[in-house]
Each structure stands twice: as C-alpha cells, then as structure tokens.
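Trainee: Just dropping this structure here.
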Amino acid sequence: MNDTFDVVNVANYPNPVLGRAEEPKNDGRTRFTYVLTDGADEVTIKVFTVSGRLVKTFHNLPIGVGYHEYPRTLYGWDCKDEQGYSLANGVYFYRIIAKKGDKKIEKTMKMAILK
C-alpha cells in the first residue's frame with residue numbers, strides 16, 4: 001500500500017459559478033476537479049450551505065491515480081440540490097472524501113454561486 005495516499009489540487013471551475021459561462025451549455029454549472037496520488041476505494045463529494053446543511057452528494061466518483069474531473073460529461077453540475085431545486089446565490093462548501101482501506105482523507109473547499 002502506498003503511504004502517500006492523498007487528494008490534492010481540489011477545485012471547482014468556474015468558481016464563482018456564473019449565469020453566463022464561456023460555453024453557453026454550461027451557464028450556471030460547475031465541475032469538480034481533484035488529483036489522487038494513489039488509487040482509492042471510494043471518492044465522494046458533499047456540498048453544504050454555510051450553515052452546514054447538506055444539499056447534494058455525489059457518489060461513485062473516479063478512484064484511479066491521477067487527475068479527475070466530475071462530471072465528465074458535456075454538462076457540468078447544474079447546481080441543483082437533491083430535490084432538484086437550484087441553489088441560491090451565495091457561498092457553499094464542498095467536501096471531498098477519499099477512502100482507501102482504513103485511511104480517510106477529507107478536504108473542504110469553498111465555492112460561490114453568482115447567477
């Protein structure tokens with residue numbers, strides 16, 4: 001087992017999320033990026049309001065070594081919660097959680113929505 005298991009270069013783009021993106025298909029959308037220094041068993045991203053309320057969870061993210069972008073589709077995440085409602089403008093936190101065996105790494109980042 002590699003002792004250098006880590007999640008680095010965690011980000012989302014664009015940040016802030018804007019109503020007008022460079023690519024019109026991605027207006028009001030964002031993607032999450034991260035690099036795994038070693039393969040993981042599981043990677044999850046959770047999005048929270050500043051008051052700590054969980055609004056969205058992404059499961060089954062890529063777990064291989066290297067750079068990852070999610071979602072890897074034509075469209076980024078539409079900034080909607082689990083019920084399908086658009087998140088209000090403001091600041092949110094997202095936490096990426098990578099697990100490998102008994103190791104668990106969590107990184108929390110900030111993102112803004114200004115649509």
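The values are calculated or read from the model by the stated rules, or taken from the named source; none is laboratory data. The structure displayed is predicted, hence computed values, not measured ones. Cβ coordinates were reconstructed from backbone atoms using ideal geometry, including for glycine residues, and neighbour counts include every protein chain displayed.
Trainee: Within segment 17-33, can one find any residue that is within 16 Å of the chain's Cα centre (by Cα), more than 25 Å from residue 102 (Cα to Cα), among the aliphatic types (A, V, I, L, M) and not in a strand (DSSP E or B)?
Mentor: No - not one qualifying residue is present in segment 17-33.
Trainee: OK, next. Within segment 74-94, does at least one residue satisfy the condition of being at pLDDT below 95 and exposed (fewer than 15 other Cβ atoms within 10 Å of the Cβ)?
Mentor: Yes; the residues of segment 74-94 include at least one that is at pLDDT below 95 and exposed (fewer than 15 other Cβ atoms within 10 Å of the Cβ).
Trainee: Which ones in segment 69-84 are under 21 Å from residue 24 (Cβ atoms), in a loop (DSSP other than H, G, I, E, B) and touching a residue at least 24 places away in the same chain (Cβ under 8 Å)?
Mentor: Selection gives 71, 74, 75, 76, 78, 79.
Here is a yes/no grid of residues against (1) of a type outside the set (Val, Ile, Thr); (2) within 21 Å of residue 14 (Cα to Cα):
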site: 47; (1), (2): no, yes
site: 60; (1), (2): yes, no
site: 63; (1), (2): no, no
site: 69; (1), (2): yes, yes
site: 75; (1), (2): yes, yes
site: 80; (1), (2): yes, yes
site: 85; (1), (2): yes, yes
site: 102; (1), (2): yes, no
